[in-house]
Amino acid sequence: MSNDLNALKQALQFSPDNIPLNLLYAQSCIDEGMIDTAGEAYEKILSLENDHLDARLGSARVALLQGKLSQAAVRAEQILQQSPNCGEAYIILTHIHINESEYSLARQKYTKAIEQNPSLKDPGIEADLKNAPETERPQRMGIGDDGSYAQTEAPDTQYEDSDDEPRGGEAFDLGLSDFERPKLNFNGVGGMEALKEEIRMKILYPMQHADLFKAYDKKIGGGVLLYGPPGCGKTLISKATAGEIKANFIAIGLHQILDMWIGNSEKNIHRIFELARKNTPCVLFFDEVDALAADRRDLRQSAGRNLINAFLSEMDGAQSENDGVLVLGATNAPWHLDPAFRRPGRFDRTLFVPPPDAPGRAAIIDVMRADKPIEELNAKALAQKTPQFSGADIKAVFDLATEYVLTEAMKSGKVIPLKTADFIRAAKRHKPTTASWFDSAKNYALYSNQGGMYDEILQYLGLLK
Ligand SMILES: Nc1ncnc2c1ncn2[C@@H]1O[C@H](COP(=O)(O)OP(=O)(O)OP(=O)(O)O)[C@@H](O)[C@H]1O
Ligand SMILES: [Mg+2]
């Protein structure tokens, strides 16, 4: 529970009948994902003031989030009797109708909501209605960086030429944004040679030689899970894979999937996979996949299960053909992933991303030194002084060293270039962050090493030959 929420709770103990305070508490509970508690707070207000409009609305929203659709509908109707111009109540009814697949009713209610209050325009709803049967062709939508829906430009189409239909066709109208085409490639990732080779073998070559694979009747696709301690380059190498690859690459943030409204997260997952299927060969990258099971923003307990099931069934290609779709996932808590994720055809290949060894660290240092005012830096020497450091730790050393010199530079008013000694001094001050990860990882590897999944951790720790 956050500090604010605690403070509110304490304040309520002193004045339990304070309506504004209860309202604030309820809203904060919703923000924290504590839906049931929020519901209690709204009921408390209604017991004090039966027709309190905001509390009635809050209570209707809570019911909706809890999946109690009829209760939500009753509340919304009550509100409209009391206040026929309440656009928010129409929005709640819209969601209920969408959930019941009653799209024309949903459209009516949504139109009313917007008539009453144009600021209630909700691209999420519009996307749902657009994908519903019997609809005129609406505008193209995408999910923005902040998870909101937004209009997107037709994506950049600098892909390798291919004879299939032009990109930017149907797939992009499904409601999802961009193919990422980051500038970063393997050159921007220091060291990790073994992993790069594995990625080439398991991901790049199969994607690039799809025809050959077809000739041998071998499917490409499935899932690869990258796991390892924080800051060791899982996200970085995944993004760099996109730059290396001659296939489409879609990076998905979980915020792009998780949606407050019931059922929408599942729909978003489906849209993403459909987009990939229509644009094969394609890599779908889910960063921090473990959060799929655990994100607090997904408000109902059972919803987590539904979401996982939706994700798994998309991975299985239960309803559709996933040939040519490779799912890449990254996590530093693979043990929090439901074991169902690792069944054949899902994330059945795992790659451990360990902290860099000394030559790896030297390579990372060489990548990071570019464009910095460095007089001399002995990468090898610094690498020797930074055992157990992750890439992120090395970055911290660079930042710290820069700070030292900057302080001096400000005193003298001149640019003072960095030297090896500054870095070594900084390295002494910084504690590597990987050790604590290995402390807990070791226990999982020793005591719940499903099918040898974590052997690489044991090898790294010298506990397995
Ligand atoms: N091999 C590397 N070469 C260059 N920079 C690196 C390398 N590894 C890590 N870094 C630096 O460390 C930062 C953190 O790496 P990244 O975000 O990829 O770690 P991660 O394994 O995804 O961590 P987390 O588990 O916390 O998500 C990168 O942004 C980069 O600055
Ligand atoms: Mg990461």
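The values are calculated or read from the model by the stated rules, or taken from the named source; none is laboratory data. These figures come from a predicted structure and were not determined experimentally. Here the Cβ positions follow ideal geometry from the backbone for every residue, glycine too, while neighbour counts run over all protein chains shown. Note: accessible area is taken over every heavy atom of the protein model, side chains too, but ligands, DNA and RNA are not part of it. Shrake-Rupley method; radii C 1.70, N 1.55, O 1.52, S 1.80 Å.
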The answer for segment 358-429, accessible area per residue at 1.4 Å probe in Å², is 57 Å²
Share of accessible surface on carbon and sulfur in segment 3-135, whole %, 1.4 Å probe and ligands ignored, is 47 percent
Label model pair residue 111, residue 201: point-to-point distance (7 angstrom along the Cα→beta-carbon line) in nm is 6.1 nm
Over 30 Å (Cα to Cα) among 196/218; 372/465; 246/431; 239/278; 196/442 -> 372/465; 246/431
Heavy-atom accessible area of residue 101, protein chains in place, probe 1.4 angstrom, given in Å² to nearest 10, is 70 Å²
Plugging the Cβ-Cβ distance of residue 219 and residue 369 into 1/(1 + (r/R0)^6) at R0 = 45 Å yields, to the nearest 0.05, a FRET efficiency of 0.55
Heavy-atom accessible area of segment 358-429 with neighbours in place, 1.4 angstrom probe: carbon+sulfur share in percent works out to 57 percent
Ordering 323, 217, 36 by the accessible surface of their heavy atoms, 1.4 Å probe, largest first, yields 217, 36, 323
For segment 3-135, the per residue accessible area (1.4 Å probe, Å²) is 49 Å²
Placing each pseudo-label 7 Å from Cα in the direction of the beta carbon, residue 338 and residue 443 end up separated by a distance in nanometres of 2.5 nm
Probe 1.4 Å, all chains present, heavy atoms only: residue 335 accessible area in Å², nearest 10, is 40 Å²
